[in-house]
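One structure below.
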Amino acid sequence: MSALEEQEEVVFGDRYWLAQPLAIGGMAEVFLARQQSEGGFVKDVVIKRLRPELAADPRVVSMFRDEARVSGMLSHCNSVHVFDSGTHEGLPYMAMEYIRGEELNQLCRRGIGCGEFLPLEHAIELIRQAALGMGYYHNLCDSRGKSLELVHCDISPNNLLVGQDGYLQIIDFGISQFRGQQYRDAQLVPGKLSYMSPEQAKRGTLDHRSDIFSLGVVLYEITLGRRLFRGPASEVLPRIVSCDIEAPTFVRHDYPGALESIVMRALEAEPSDRYQEANDFAEALGEYLREEQMRTGPIGIARYLDRLAVADGGERREHFIAEAELDSDEEQLDFDRGLFSGFSALAAEGPQAAAAWDEVDEDESAVAEALGIDVGLVRTASQAASDYPSVANVPTEEAVAEPVSEEPAVSEEQPVAKTAVPGGERTPTPALRSPTPAKRHGGGLSWMMLLVGIGLGVGGAFLLGAF
């Protein structure tokens, strides 16, 4: 019997039972939950619920419902699914897909720490998957067949989740813009400054090509192993607006020229010069992989994740061990050979590479000053909550079935959920408070072992400042 099955059930809504709190963000709380029905149907889900103290503000409630409405329309392998939404004890909520994985940003940082940065072929494949998901939601239509004109507005490595199965999913549509949404303050600055398109940084009109630029920034960074727009806001903003971008071959002379052409087209200053559709971007990346005969795909990415797990002292998953490895006497096959040759220079940099990868944490007032707007309208990286925990390794079935621990969910050895506070500091949140509090559980299902599909960040921190 698993920890979930042993727990005392806490009824939520008319079909869910809360298991444990996972995280808390500026706007919402997240719980692991279980859905059960007749015939033995059981499904683990994630419940995202508006924080009680924000329920009195109709604008915040409208934004939360907007997110639920547009997220519920998404049905693609590269976007997290929302199954249900409703109201419980006066608080709106969403029931979302429960996944295991980690942010692309965290994956890259782990690779640097292990001296085995994300291999070039897998980096390209992950962005190809992201572009496919982007192409899907950019072309999403309502029930009458009219385009929703959906723009994510916050594409960054933190909002791209890499599952342990090797598939990437785009998360956090909380600050997206789309036709027919109930509430949107045109003066709000969504997203992270270092991933904004030039038109977004200039506070101009946005369309789907802004997301393509942002994804181009991510591709540039994970195929070079270094940040593109990194530094104080006062220095970064002019570079974004002028599209001051050093060509990849100027950074690393062995960078493939054909790949550089793809990257630089996505990063054109004028939207009309970029890929006009994310699907075209995805197709260009897929064609490059085929022409270069680069072996990748979800299984290859999953095996790379196992490689990092082994480097961290973990073990490989048997079902991802290639048949050729089992039949060969060689100790080193594709799993070990040549995966990181394209990043040998990065590995040699060691701690310097890790330091260069870290983002510049800057007070929101500095970003507001650079943009020339009121500080209450800014959402920055330092202000955004860490709304969902990320994990490096998936717990085994045995770990999931471990007895329930009575120890608190937060300890010195565990990472904790964070919540944003004014000034950019983050504070630990050992447990979530709610009208129907869930019990805390340890073991393999502790919240640090779970990854929430859609981020909480509908910009709760900046909303509190703006309103």
TODO: Please state which of the following conditions ALA56 fails to meet, knowing it meets all the rest: (1) hydrophobic (A, V, I, L, M, F, W, C); (2) assigned to a loop (DSSP other than H, G, I, E, B); (3) touching a strand residue (DSSP E or B) at 6+ places or on another chain (Cβ under 8 Å).
DONE: (3)
Task: ARG128 farther than 28 Å from ASP358 by Cβ and not hydroxyl-bearing (Ser, Thr, Tyr) - done: no
TODO: Determine, yes or no, whether ILE240 is surrounded by 20 or more Cβ atoms within 10 Å (Cβ to Cβ), touching a residue at least 60 places away in the same chain (Cβ under 8 Å) and in the same structural domain as ARG295 (by TED's automatic domain parsing).
DONE: no
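Please determine whether any residue of segment 116-123 is modelled with pLDDT of 90 or more and either outside the structural domain of ILE175 (by TED's automatic domain parsing) or touching a Leu at 6+ places or on another chain (Cβ under 6 Å) (or both).
yes
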- [ ] With the condition kept exactly as written, say whether any residue in segment 140-161 is in a strand (DSSP E or B), of a type in the set (Ser, Thr, Tyr) and either touching a residue at least 60 places away in the same chain (Cβ under 8 Å) or touching a Leu at 6+ places or on another chain (Cβ under 9 Å) (or both).
- [x] yes
Task: Residue check for GLY111: in the same structural domain as GLU291 (by TED's automatic domain parsing), surrounded by 22 or more Cβ atoms within 10 Å (Cβ to Cβ) and over 30 Å from GLY13 (Cα atoms) - done: yes
TODO: Identify all residues within segment 90-116 that are over 21 Å from MET63 (Cβ atoms), of a type outside the set (Asp, Glu) and assigned to a strand (DSSP E or B); write none if there are none.
DONE: TYR98, ILE99, GLY101
- [ ] Only residues in segment 99-119 that are under 22 Å from GLN169 (Cβ atoms) count as the first member; pair them with residues that are modelled with pLDDT of 85 or more and among the small types (Gly, Ala, Ser), Cβ under 7 angstrom, at least 6 apart or cross-chain, and list the lot.
- [x] ILE99/GLY163; ARG100/GLY163; GLY101/GLY163; PHE117/GLY111; PHE117/GLY225; LEU118/GLY111
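State whether the residues of segment 70-83 include one that is part of a helix (DSSP H, G or I), among the hydrophobic types (A, V, I, L, M, F, W, C) and modelled with pLDDT under 90.
Yes, segment 70-83 contains at least one residue that is part of a helix (DSSP H, G or I), among the hydrophobic types (A, V, I, L, M, F, W, C) and modelled with pLDDT under 90.
The values are calculated or read from the model by the stated rules, or taken from the named source; none is laboratory data. Everything quoted here is computed from the prediction, not taken from an experiment. We place every Cβ from the backbone using ideal geometry, glycine too, and count neighbours over all the protein chains shown.
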